[in-house]
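Rule-based calculations on the coordinates, nothing more; no lab input. Predicted model only: the values in this text are computed from it and were never measured. All Cβ positions, glycine included, derive from the backbone under ideal geometry; neighbour counts span all protein chains shown.
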Amino acid sequence: MHDKRLGDPIVMGLAAFVIAQTLLNLPNAHLVPAQVTLFFMPAILVCGGLVYFLACIFSYVRGDTFGLSVNGFYGAFFTSLFLFFYLELKGVLQFGTQANEALGTFLLIWTIVTVPFVVAAFRVQLMFGLLFLFVFFAFLGGTLANLAGVNSAFGGYSGLISAAIGLILMAEALLKSVQVHVPQPSPSVVDLTARSEA
């Protein structure tokens, strides 16, 4: 049972997802050079890591198991992916020629674990189901690109489609939250005069 007195973190979580997922998959879709990934990583860490974990905490407080699981799980993905790149860049992790195999195996695990999230998301809402389906395809595309040498564009465009769906869901949730708190218009002078004369 969700505590309705508390703010719904879905808007914050979806916004973080849209930003992190877009920045991560622009290079994979070959829409920007692969080298810019390193410039995107801090934003991916903050949005996909920190903000996601905040949404996870708020979901826990509200008693929202699905939101808690999604925000915590994928916050862990973006954070661990950042650490994967950062620690390799700093020489702490030295994969060498096996970097693609290491990253592919990493993504394979996330691909598999995403499957029950796809099923659960379709039970929540069709658009959520489609979002997670394309997240699955993004993971699968990344896995195949690193383990089998398949062009990364499939995973990249799948990730961008999931981000686009997330943007739609975020906008819907944001507009819904604003409608609930729209202040009532103040009565005009004409209305007040009419009432006093009555």
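Brief remarks follow.
- Given R0 = 45 Å, the distance between the Cβ atoms of Gln179 and Thr97 translates into a calculated FRET efficiency of 0.25.
- Screening the chain for whole DSSP H helices with an alpha carbon extent of at least 30 angstrom along the helix axis and a mean Kyte-Doolittle hydropathy of at least 1.0 yields 65-89, 99-124, 126-147, 153-180.
- The length gained on full extension between Leu87 and Phe73, counted as 0.36 nm times the residue separation minus their Cα-Cα distance, comes to 3.0 nm.
- Mean residue ellipticity (222 nm) of the chain, computed from DSSP H runs ≥ 4 via -39,500 (n - 2.57), nearest 500: -25500 deg cm²/dmol
- For the stretch 10-197, the extents of the C-alpha atoms along the principal axes are 87, 34, 31 Å, listed from largest to smallest.
- Global size of the stretch 71-170 as Cα Rg and Dmax, reported in angstrom: 14.3, 44
- Projected label distance in nm at Ala171 and Val113, using a 7 Å step from Cα toward the beta-carbon: 3.2
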